Amino acid sequence: MNNTIVKRFIFCALFFTAITTQISCTPTDLAKTNVIPKPVSVVADGGAFDLTDQTNIFVQGESADLKNIGQYLADKLNPSTGLGIEVKSTEAEPASGNIYLALTANDQELGDEGYILKISEKLVSLTANKPAGLFYGIQTIRQLLPPQVDFASAQKASWKLPTGTIRDFPAYGYRGSMLDVARHFFGIDDVKNYLDQLAYYKMNVLHLHLSDDQGWRIEIKSWPNLTAHGGKTEVGGGEGGFYTQEQYTDIVKYAQERYITIIPEIDMPGHTNAASASYPELNGNGKTPDLYTGTEVGFSTLDTKKEITYKFIDDVIRELAAITPGEYLHIGGDESHATKLEDYIPFMNRVQDMVIAHGKKVLAWDEIALATLKPNTVVQYWAKAENAIKGVAQGAKVLMSPAANAYLDMQYDSTSIYGLHWAAYIEVDKGYNWDPAKLVPEIKRENIFGIEAPLWTETVGARNEAEYLIFPRLLGYAEIGWTPSELRNWDEYKVRLASHGERMKAMNINFYPSKLVPWNTTEKK
Ligand code: TNX
């Protein structure tokens, strides 16, 4: 072979590779897309819808909810695509080339959060019973586009959606995460950023752990020293911080715009050193404690026998209930090792009544099942199955956060730079491979309220550190909460997860690059 023939051969080979890569890259098979959480049903028909600079989002009627959802999608698509998509209202289906969001007549199976996404070469049509369903449907649209869509700056890509129909609705109505802002304080921007991330994966609750031994993080106007003194530090001696009620309200509103409920937690009667350091009359040990910056648990308690304690709790619950539109307040109740059981039980009974008197329902860690559960109290199973079972026996629903499966602060393995391992090492496959309804035989599907993955922050104090523990495991918990367990399989999931590596990078998320996930194979595509 002479040189020219060799050159031609190489050129052809490269050209052929480029063409085939291009073909395999163009997302024309809806059934092969990498949406997380995996949708309930996907029927592909092999075509593609092109997003162009003529594409706009049309919402049915003048509903503010629908316009906001349309705008949320436009705001996510415009920076990277540069297509200048606008939101318009319409009475009927729009012309070819557009995206249409509409509420439809009641489709029982879809419930309040389900949606139907029909993509043809002419139109993207998203329908749902309720706005929440449309909000989850637009997250699916985002994930059906190439990963470049998730950059905040202009990108070159072929902005196509594969055609077909997705019919989708969640397995559980409560799909949450918890952020411990007490051990290390996280500011409003970090919380909002987390809310954006939760929304992308169709999660609908953020539980904020607002008080602990190391810090009190929410302004209570009738007890100002809680934050003036008790908010001043954190684990390791950093400066701590707190949210004013106005800032908290801002977080709640930001969450509502993403169909996420904020559940505030005030932990009691243990985990209360910051409260007692601010108001020594609350302390069950009768001493004036110092602020605490270590990581021990179980040494503090409120004085369960003094009326001032109940006056204090009533004020806190009243103020918190007034700024919390969600149905639930979390009253902790965990690891009260410094409180005698004979004091703990009447205390938890009385505080449940106080929450109910302020128009809210109670959530608490599983130890509360040692007390008498009030109607609607939900038990959050984290440590002892026997407590959760006691809750079920009392007719309560159980929120599943088993530490050995669902704690985001557990290390991935012994080499993890952040995290603890008292419950387990949780590699990405272990975090994914469990079924809330099969973990404890006595806790059946109908007893389960939902799933929550908590991030305790003894070992992480900055956004990138928290993200290292949260991602990519959060995506697995989102899928456990949304996708029926019979549709979930690690070997199939890990490939979808790999494709989200590019998305997480685009969103500047500092995720743990687990060796169990085939990241590189999808990145090359
Ligand atoms: C146990 S989980 C705790 C927290 C710690 C966590 C660390 C729970 C209800 N209590 O106080 O931060 O372990 O993993």
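Since every read-out is calculated from the coordinates, none of them should be taken as a lab result. None of the values given here were measured: they were computed from a predicted structure. Methodologically, a virtual Cβ is constructed for each residue, glycine included, from the backbone with ideal geometry; neighbour enumeration extends over all protein chains shown.
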* Nearest 10 degrees, 0 to 90: what angle lies between the long axis of helix 341-357 and the longest principal axis of the chain (Cα atoms)? -> 60 degrees
* Structure fact -> Relative contact order as a percentage, segment 367-525, C-alpha pairs under 8 Å and 6+ apart, gives 20 percent
* Can you grab the distance from the C-alpha centre of segment 372-413 to the C-alpha centre of segment 60-76, Å, no decimals? => 37 Å
* Structure fact -> Expressed as a whole-number percentage, the relative contact order of segment 437-525 with C-alpha contacts under 8 angstrom and at least six residues apart is 29 percent
* To do: Tell me which residues come under 5 Å, amide H to amide H, from PHE449 once H is placed; ignore anything under 5 positions away on its chain.
  => VAL398, LEU399, MET400
* Contour minus end-to-end for GLN394 and ASP413, with contour as 0.36 nm per residue of separation and end-to-end as the Cα-Cα distance? -> 3.1 nm
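222 nm [θ] for the chain, helices only, -39500 (n - 2.57) per DSSP H run of 4+, per residue, to 500?
It lands at -10500 deg cm²/dmol.
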* To do: Mind pulling the angle between the C-alpha long axis of helix 3-25 and the longest principal axis of the chain? Nearest 10 degrees, somewhere in 0 to 90.
  => 50 degrees
* Please go through segment 260-357 and write out the trypsin sites (Lys or Arg not before Pro) that DSSP classes as loop and that have at most 16 other C-beta atoms within 10 Å. => LYS287, LYS305, LYS306, LYS340
* Asked: Can you pull the percent of Cα pairs in segment 54-93 with separation above 10 Å?
  -> 66 percent
* By how many nm would the segment from ALA423 to GLN245 lengthen if fully extended, with 0.36 nm per residue of separation less the alpha-carbon distance? -> 60.6 nm
* To do: Run through every distinct alpha carbon pair of the chain and return the Kirkwood hydrodynamic radius in angstroms, one decimal place.
  => 24.5 Å
* **Sequence-separation-based contact order of the chain, relative, with Cα cut under 8 Å and 6+ spacing, percent** => 13 percent
* Asked: Say the cut-off is 26 Å between C-alpha atoms; which of LYS76/LYS361; LYS221/LYS340; LYS156/LYS253; LYS76/LYS253; LYS305/LYS374 go over it?
  -> LYS76/LYS361; LYS221/LYS340; LYS156/LYS253
* Asked: How far is helix 188-200 tilted off the main Cα axis of the chain, in degrees rounded to 10, range 0 to 90?
  -> 50 degrees
* Stick to the Cα atoms of segment 396-525, pair each with every other, and give me the Kirkwood hydrodynamic radius in Å at one decimal. => 15.3 Å
* Fraction of the pair-distance distribution of segment 107-185 above 14 Å, Cα-Cα pairs, percent -> 69 percent
* Other-chain or far-sequence residues with amide H under 5 Å of ALA48's (modelled H) -> THR163
* To do: Calculate one ³J(HN,Hα) per residue across segment 76-81 by plugging θ = phi - 60° into the Karplus curve 6.51 cos²θ - 1.76 cosθ + 1.60, and present them in order as whole Hz with x for glycine and proline.
  => 7, 8, 5, x, 7, 7
* Hey, quick one: spin label on ALA64, modelled 7 Å out along Cα-Cβ, who in segment 242-277 has an amide N within reach, i.e. under 13 Å? -> 257
* To do: Enumerate the amide H contacts of TYR243 below 5 Å, restricted to partners 5 or more residues apart or on another chain; note that Pro and chain-start residues carry no placed amide H.
  => ILE218, GLU219
